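**Q** Provided herewith is a single structure, encoded as structure tokens, for subsequent inquiry.
The values are calculated or read from the model by the stated rules, or taken from the named source; none is laboratory data. Quantities reported herein were computed from a predicted structural model and do not represent experimental measurements. All Cβ positions, even for glycine, are placed from backbone atoms using ideal geometry, and neighbour counts span all protein chains on display. Just so you know, the surface numbers come from the protein's heavy atoms only, side chains and all, with ligands and any DNA or RNA stripped out. Shrake-Rupley method; radii C 1.70, N 1.55, O 1.52, S 1.80 Å.
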Amino acid sequence: PPRLTANLDLSGYWRSLTDPEWQGAAVVSVTVTVLATFIALVVSLLAGYPLARFRMRGTRLLLLSLLATMLIPPIALAIPVLFIVIELGIRDTILGLVLVNAAFWTPILIWLVRSAFVGVPTELERAARIDGASRVGTIVRVSLPAAAPVIGAATAIVFIGIWNDFVFAAVVGGRETHTLPRYLGESVSPPFNVLAARIVLTVAPCIAVIALLRTRILRLG
């Protein structure tokens with residue numbers, strides 16, 4: 001094991017940042033995480049608001065179904081997901097990783113977005129409608145800004161979950177779609193300083209997101 005010392009050695013960071021394989025994995029991770037989070041957020045906004053404001057038949061059953069999907073571990077979905085992406089011809093593609101991650105995290109985000117809209121007083125929307133705002137205008141100008149802090153924190157949690165995904169990256173991905181967690185898992189005995197640098201660089205975006213939104217994320221609990 002390496003000995004603790006006051007002499008800083010940053011060569012591991014430079015070696016990682018200049019490694020073409022690490023750069024490719026970083027690009028794939030950023031692309032998949034941003035696109036999958038965006039898709040999940042759009043779908044959650046379109047589904048979360050009606051579930052929070054309108055009484056419809058089957059709403060409770062739908063919410064229970066969404067809740068049930070959260071109880072399924074990703075590893076249990078690995079084989080079915082593999083057959084689906086092979087049938088669709090999107091294995092070892094960024095599109096496959098984006099769709100799979102977005103589908104897995106959207107139910108969780110719908111629940112959180114719905115809770116955010118439920119917390120917005122309906123009186124605000126009624127006042128906006130009385131002032132002449134349309135339904136869409138009320139949502140965009142009143143409800144969405146009021147729920148934005150909670151929605152932002154929920155989106156950050158989903159972002160972190162997709163960024164750290166390893167199961168779907170290992171099942172759906174391949175040689176052309178290495179993400180950073182998979183790249184770490186498949187590293188073959190690198191030097192301690194290089195491995196430590198790769199770990200720090202991989203978790204740095206998650207730490208940054210939590211540091212920026214720590215107060216709002218804690219309020220979700």
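**Q** Consider Asp92 carefully, then state whether it is open to solvent by 40 Å² or more (accessible area, probe 1.4 Å) and over 26 Å from the mean Cα position of the chain (by Cα).
**A** No: the conditions fail for Asp92.
**Q** Are there helices (runs of 4 or more DSSP H) fully within the stretch 7-105 with at least 1 residues that are farther than 24 Å from Phe117 by Cα and at pLDDT below 85? List them.
**A** Correct list: 11-17.
**Q** Mind counting the residues in the stretch 120-165 that are among the small types (Gly, Ala, Ser), over 30 Å from Ile75 (Cα atoms) and assigned to a helix (DSSP H, G or I)?
**A** 7
**Q** Could you go through the stretch 133-147 and let me know if any residue there is over 22 Å from the mean Cα position of the chain (by Cα) and charged (D, E, K, R).
**A** The answer is yes; a qualifying residue exists.
**Q** Of the residues that make up the stretch 185-194, is at least one closer than 27 Å to Leu97 by Cβ, of a type outside the set (Asp, Glu) and touching a residue at least 12 places away in the same chain (Cβ under 8 Å)?
**A** Yes, that holds for at least one residue.
**Q** Checking Gly161 against (1) at pLDDT 90 or above; (2) farther than 23 Å from Leu35 by Cβ; (3) surrounded by 15 or more Cβ atoms within 10 Å (Cβ to Cβ), which test does it fail?
**A** (2)
**Q** Ok, one more. I want to confirm something. Restricting to the stretch 18-39 and keeping residues that are farther than 18 Å from Cys206 by Cα and open to solvent by less than 80 Å² (accessible area, probe 1.4 Å), which single residue is nearest to the chain's Cα centre (by Cα)?
**A** Ile39
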